[in-house]
Structures are given as C-alpha cells and as structure tokens.
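Derivation of every value follows stated rules applied to the coordinates shown; laboratory data play no part. All values derive from a computational prediction rather than experimental measurement. We place every Cβ from the backbone using ideal geometry, glycine too, and count neighbours over all the protein chains shown.
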Amino acid sequence: MLGTLGARVIYIVLCAAILMAWTVVLTAQEASAPELAPLPEGDSGIAAKYPGDAGIEKDRAVLFYDNFEDVAKPDELKKKWDFAVVHAEAMRITEVAANVHGGRRALEIEVPRQKEELSPGVGKGLKDEQDVLFLRYYSKFEKGFDQVGSSHNGATISAHYNQNGRATPGVPADGKNKFLCCFEDWRGEAKTASPGDLNIYCYHPGQFDGYGDHFFPDGTVIPNSYARSGAASFGKQFVKRPNIIPELDRWYCYEFMVKANTVGKRDGRIACWLDGKLIADFPNIRFRDIDSLKIDHFGVSLHIGSNTIRANKKWYDDVVAATAYIGPVAKDKKAQPKTGGAGGGGAR
Ligand SMILES: [Ca+2]
C-alpha cells in the first residue's frame, strides 16, 4: 500500500515539476518575443514642422517632394519622376479646383473604357537605396468610379521589383531578388462598394503563388486565407483593425511605411495611415535574406486589368517620401483648407 502511495506521490510531484518547467519555458518565450515599436500617428510627423508643406523638401529625412505645381503637362513629370512616366497620354495636370488638393495643380490619371490592361503611373528611382521608406500622398477617386477585378490603384514601394527598367509581375520574391508593397483598394466583386477595401498587395518570400498576396487590416490574407490570416502570417503581436472602403469623390491623406527586416529575423513591417490615423499594421514580415536588397523605387499609378464598365479617373497631389513618419499637411494659417482633412472617415 505504502509503496503504491509513495509511487503515486512521486508521480504527482514529477508531473508538477514538469508543468512548472513548461511554465518557465513558455514564460521565457513570451518574454523573449520582441516588443513592437509604437508607431507615430496624427500630426506628430515631419509635415507638422512645415505648415502647408512649405519647405518640407529641405528636411533631412525627406527624400522626395512633388506638389505638381511646377509641371504644366505630363511630359514634364519626368523631371522629378525620373524612373518612369508610363502612358503619359492617360495623364493630365489638372487645374480644376475640386480635383486639386493643394495649390493650383494636381496629377490626374484616367483609364479609358477598354478591355485591354493599362498601367499609367509615375515612378521615382532611389539611387541611395533604403531599408525603410514612408510615402505620403493625397488622392481622390472620381465620383462614380466603377471597376471590378485586377487593379493597382494607389501607391507602390519596392526593392528591385523593376529589373532592367521593367516590372517583374508573376515572378515570386525569393528573399534575394525583390520585394514589393502596394497600398491600394481591392474590389473582387461588384457587390462590394467601389473602390473596394484598402489593403497591401505584397510580393515577399512567403507569398502563396506567383503573384502577390493581399493583406487586409483585419488580418485577412488572400490567397489561402484560412491557413494564412492573422497571427499565422503576422505573429502573436498582430493587432486586428477594421477593414476600410474609402469614399469616392473625397480627398484622403494616405501614408504607408515599408520597413525591411534584419537578415535572419522576422522584424519587417508594413504600416498604413489614413488621414493620420493608423489603420493597418503588419509586423513579423520577412522581406529579404540578404542585406543588399533595399528599397530602390516608389510611385503612384492607376493600373486596371480590364476596364469595361466606364472610363475611370483618380487624382494625386502633395506626395512626400521620407525615412520617417510624415503625417498630413499641417494647416497653413494663411491659406483656407480645401477639405475636411483629419477624421479618418469611411470606416465600415
Ligand atoms: Ca498641388
């Protein structure tokens, strides 16, 4: 009897010891998970120091600035957008006040009603390649904008995605060749309100197939959502946020950050802001396995795979690229603001 009881006591003590050891191991793992650095929001960025963006291009962290005030026609865009001005015939420099965010001019892109794919846009090459880039721009979709399916209708930050002057769609990222992030809207079905849900289209070594993944603020990853959404792709620290469809015929301040990972670590990160409000944060990303793969390009565009419903327009203004958070244009006390600005509306 005593022998059996003794064995049982030893067994219980052993189980408790194993449980305690596991608790210690798990706690140590929790403790070793790196804290996510907090992200700035609102008017705490570079733009706050330069009301109306006046002089922002002189800031040490600013790599590029274009308010489209010193161009009269699309050919002249090449002065600043030195990588490429693609399909200039689909672009205009507009002076229609409602379609200009700041100053007197803005970039207008129009894809005609047509079945064939069209990719008008402007691109800037970075000779001084970067590990982290913030890109802020104002943009507005035309009232009635109506398009379903393949489209890249926002902005792009990429590393060696363009090779020998050409984009490389359909070639997967492998950690050494390239990565790409586009901040855009996805409307896969006509029943989704136009222009569709904001998301990041991404080429990275963990992508599911030959084309990029879509990352949505609520953690949904397309394709193969069931196995890849939320923590499965973005780790335990991922914070789910509501998906957002922006309103048509309304200017918004868009900004996104792409931070390449340290080689050997999953500390790459993408963050998105709308009118200065953080709306998406995708940590735990592996973009590269070699240090030399760095950001060398950014741009804005309106690519549509097949635009059969109607001609569709979009406008861009007040573009800034920098190595730190930029934020919305700060109020210039001398000028009247043209839009409601902050507020981050359009959430659903
Ligand atoms: Ca302007």
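One quarter of the convex hull surface, Cα atoms only: what value does that give for region 113-271 in nm²?
Details: hull surface 41.4 nm².
Averaged projected hull area, Cα only: 10.3 nm².
Would you work out the charge dipole size for region 184-303 about its Cα centre, treating the Cβ of every Lys and Arg as +1 and the Cβ of every Asp and Glu as -1, and quote it to the nearest 20 debye?
Magnitude of the dipole: close to 480 debye.
Would you please give the residues with an amide H less than 5 Å from that of Ala106, counting only those at least 5 places away or on a separate chain, with H modeled from the backbone geometry?
The list, which skips near neighbours in sequence, is Thr94.
Leaving out same-chain residues fewer than 8 places away, which aspartates and glutamates sit with a Cα under 18 Å from that of Lys277?
Glu41, Asp43, Glu184, Asp185, Asp197, Asp218, Glu247, Glu255, Asp318
Starting from the Cα gyration tensor of region 93-197, multiply each eigenvalue by 5, take the square root, and state the resulting semi-axes largest first in whole Å.
Working: eigenvalues 139, 81, 35 Å².
Equivalent ellipsoid semi-axes, largest first: 26, 20, 13 Å.
Within 10 Å of each residue's Cβ, count the other Cβ atoms and sort Val100, Val62 from fewest upward.
Numbers: Val100 25, Val62 21.
Ascending Cβ contact count within 10 Å gives the list Val62, Val100.
Given contacts defined as C-alpha pairs under 8 Å and at least six residues apart, what's the relative contact order of the chain, whole-number percent? Write out the running numbers ahead of the final one.
Working: 820 pairs, mean separation 97.2, N = 348.
Here the relative contact order equals 28 percent.
Calculate for the chain the 222 nm mean residue ellipticity that helices alone would give, adding -39,500 (n - 2.57) per DSSP H run of length 4 or more and normalising by residue count, nearest 500 deg cm²/dmol.
Values: 3 runs with 39 residues, N = 348.
That calculation yields -3500 deg cm²/dmol at 222 nm.
Which pairs, out of Lys79/Lys176; Lys140/Lys178; Lys191/Lys313; Lys115/Lys314; Lys78/Lys127, put more than 27 Å between their alpha-carbon atoms? Intermediate results must be reported in sequence, preceding the final value.
Values: Lys79/Lys176 31 Å; Lys140/Lys178 29 Å; Lys191/Lys313 20 Å; Lys115/Lys314 19 Å; Lys78/Lys127 16 Å.
With Cα atoms farther than 27 Å apart: Lys79/Lys176; Lys140/Lys178.
Efficiency by 1/(1 + (r/R0)^6): what FRET value for Lys240 and Lys143, r their Cβ-Cβ distance, R0 = 41 Å, to the nearest 0.05? If you can, show how the numbers build up before the last one.
Values: r = 31 Å, r/R0 = 0.77.
Working from the Cβ atoms, E equals 0.85.
Rank the residues Asp75, Asp197 as a footprinting-exposure proxy: fewest other Cβ atoms within 10 Å of their Cβ go first.
Going from sparsest to densest Cβ surroundings: Asp75, Asp197.
Place the peptides 318-329, 82-93 in order of packing, highest mean first, counting for every residue the other Cβ atoms within 10 Å and averaging per peptide.
Numbers: 318-329: 24.6, 82-93: 17.4.
Top of the packing list down: 318-329, 82-93.
Taking a ≥ b ≥ c as the square roots of the eigenvalues of the Cα gyration tensor of region 68-127, is the shape rounded (a/c under 1.5), prolate (a/b larger than b/c) or oblate?
On the way: a/c = 2.29, a/b = 1.09, b/c = 2.10.
The shape class here is oblate.
Rounded to the nearest 0.05, what FRET efficiency do Gln114 and Tyr226 have when you use their Cβ-Cβ distance and R0 = 41 Å? Write out the running numbers ahead of the final one.
On the way: r = 36 Å, r/R0 = 0.88.
In this case the efficiency is close to 0.70.
What does the charge dipole of region 223-268 about its Cα centre add up to, to the nearest 20 debye, if the Cβ of each Lys and Arg holds +1 and the Cβ of each Asp and Glu holds -1?
Working: 8 positive and 4 negative charges, 74 e Å.
The calculation lands at about 360 debye.
So if I take the centroid of the Cα atoms in region 60-114 and the same for region 205-254, what is the distance between those two points in Å?
Taking the Cα centre of each part, region 60-114 and region 205-254 sit 29 Å apart.
Once phi is turned into θ = phi - 60°, what whole-Hz ³J(HN,Hα) does the Karplus curve with 6.51, -1.76 and 1.60 give for every residue of region 294-308, x standing for Gly and Pro?
Running phi through 6.51 cos²θ - 1.76 cosθ + 1.60 with θ = phi - 60° gives 10, 5, 10, 7, 8, x, 10, 7, 9, 8, 10, x, 8, 9, 8 Hz.
Under Stokes-Einstein, with the Kirkwood radius over Cα pairs standing in for Rh, what whole-number D in µm²/s applies to the chain at 10 °C and 1.306 mPa s? Please list the in-between numbers first.
Working: Rh = 21.5 Å.
Translational D for this selection: 74 µm²/s.
Add +1 for every Lys or Arg and -1 for every Asp or Glu among the other residues with Cβ under 15 Å from the Cβ of Pro120, and state the total.
-2
Enter the Cα centre distance for the pair region 268-293 and region 132-172, rounded to the nearest angstrom.
16
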